[in-house]
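Taking it in order: structure first as structure tokens, then the write-up.
A short reminder: the numbers here are calculations on the coordinates, not readings from a lab. For clarity, every value in this text was computed on a predicted model and none was experimentally measured. For neighbour counting, all protein chains shown are included, and Cβ atoms are generated from backbone atoms with ideal geometry for every residue, glycine included.
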Amino acid sequence: MTRLARATDPSYELMDDHNGLSIIYRQHGFPCPLVRWHFHKEYELHLIVASSGKVFVGDYIGNFYPETLFLTGPNLPHNWISQVAADEVVPKRDMLVNFTDELLGSAASVFTELKGLTPMLERAQYGIEFHCKPTIRKAMALMQTIANATGVTRLGHFLILMELLADCDNYQLLSGVTSGNLADEHTIERTNRAVDYIFSHYARELTLEEVADYMGMKPTYFSRVFKQATGRCFIEFVNRLRISKSCELLADGRKAVTDVCFESGFSNISNFNRRFQQLKGMTPSHYRRLAVQRLTEQNLPVLSERLRSAK
């Protein structure tokens, strides 16, 4: 059973705590009122420190783990939902740095070197996940330095962090649509409740009519509102969430494909195989082989070091 943070605050997050500072550093645990489907005018550099779960950025659904790093652009809706036990509390889950377009845009007119950040900031309108582990670990150290620093020193470390990420070419663009298609405060506030409900029940049979009834809406109206806010129709959103869960289970390597199918919420294996092929371009069995192979390759250096130490 998982526990989800409920949406009690407005879905547009007004960051009125700049206090004259160019950047905002925050960290929080889970559950937390900040964990909800929301958007804001600031860029957000978001590092996961602890726990794993599902990430939603625009119309993208994926998995997150400790030491995963994301950058979202202005007004691009996003959320990270940890999969934890009902009574589990994660004291420190997230490290965040927020900054505005005005900060780097205005500064670039004076300091031309900052124009080198522009391509990364343009990509951020779709959301970025960085995959280079050494870069992520350096970013984690810099974010902690930013948390502890003040004044010009803090700003200097922030610019070093931005340059580090701008030079990283091992990344993935996430959302197929940008903030202009998705960011509507009233719509997203309602959709936050729907996403929360879907996340709690997607592992069983779940219909659009059931969620619409939970939301107190007519099915046709709910369908239109949901697609406007997420960029996906209801059934596609649910299927992508289920495929994301199945990828997580397949990568573990211990469950049969049939068990993964039903545990992910699909009612029959043929539909599961068809949806998986559509979204991942391969069969579930092939995906599992690749995932296990990749995990083995990643662990080989650690194993070699242990063997050397044991001699």
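Points to keep in mind about this one:
- In this simple spin-label approximation, residue 113 and residue 140 carry label points 7 Å from Cα along the Cα→Cβ vector, and these lie 2.8 nm apart.
- Computed from phi, the 3J(HN,Hα) profile of the stretch 23-30 under the Karplus parametrisation 6.51, -1.76, 1.60 (θ = phi - 60°) reads 10, 10, 10, 9, 9, 7, x, 9 Hz, with x in place of Gly and Pro.
- Net charge, residue 108 excluded, C-beta distance under 15 Å - Lys, Arg +1, Asp, Glu -1: -4
- Relative exposure of 132, 261, 233, 247, judged by other C-beta atoms within 10 Å (fewest first): 233, 132, 247, 261
- Among 43, 126, 287, the largest mean-square fluctuation in a Gaussian network model of the chain, built with springs joining Cα atoms closer than 10 Å, belongs to 287.
- Each helix, a run of at least 4 DSSP H residues, gives -39500 (n - 2.57); summed and divided by the residues of the chain, these come to -15500 deg cm²/dmol at 222 nm.
- Dimensionless Rg/Rh of the stretch 95-215 - Kirkwood Rh, Rg from C-alpha atoms: 1.09
- In the distance distribution for the chain, Cα-Cα pairs more than 38 Å apart total 16 percent.
- GluC sites (Glu not before Pro) within the stretch 99-138: DSSP coil, no more than 10 neighbouring Cβ in 10 Å: none
- Averaging over all projection directions, the Cα-based convex hull of the stretch 24-173 occupies 8.5 nm² in the image plane.
- Residues with amide H under 5 Å from that of residue 63, placed H, sequence gap 5 or more: 55
- GNM on the chain, alpha-carbon springs under 10 angstrom: the most fluctuating residue among 294, 137, 26 is 294.
- Counting only lysines at least 8 places from residue 41 when in the same chain, those with an alpha carbon closer than 21 Å to its own are 115.
- GNM result for the chain, Cα springs below 10 Å: residue of 72, 150, 178 fluctuating most strongly: 150
- Note on 267, 51: ascending count of other Cβ atoms within 10 Å places them as 267, 51, the fewest first.
- Working note: Karplus 6.51/-1.76/1.60 with θ = phi - 60° gives the stretch 187-203 the couplings 5, 5, 4, 6, 5, 4, 5, 5, 4, 4, 5, 4, 4, 6, 10, 5, 7 Hz, where Gly and Pro are set to x.
- Percent of C-alpha pairs per 5 Å bin, the stretch 187-290, short to long: 2, 13, 24, 21, 15, 13, 8, 4, 1
- Violating pairs (Cα-Cα greater than 28 angstrom) within the set 218/255; 54/92; 227/255: 218/255; 227/255
- For the stretch 195-274, the set of GluC sites (Glu not before Pro) satisfying both a DSSP loop assignment and a count of at most 15 other C-beta atoms within 10 Å is given as 205.
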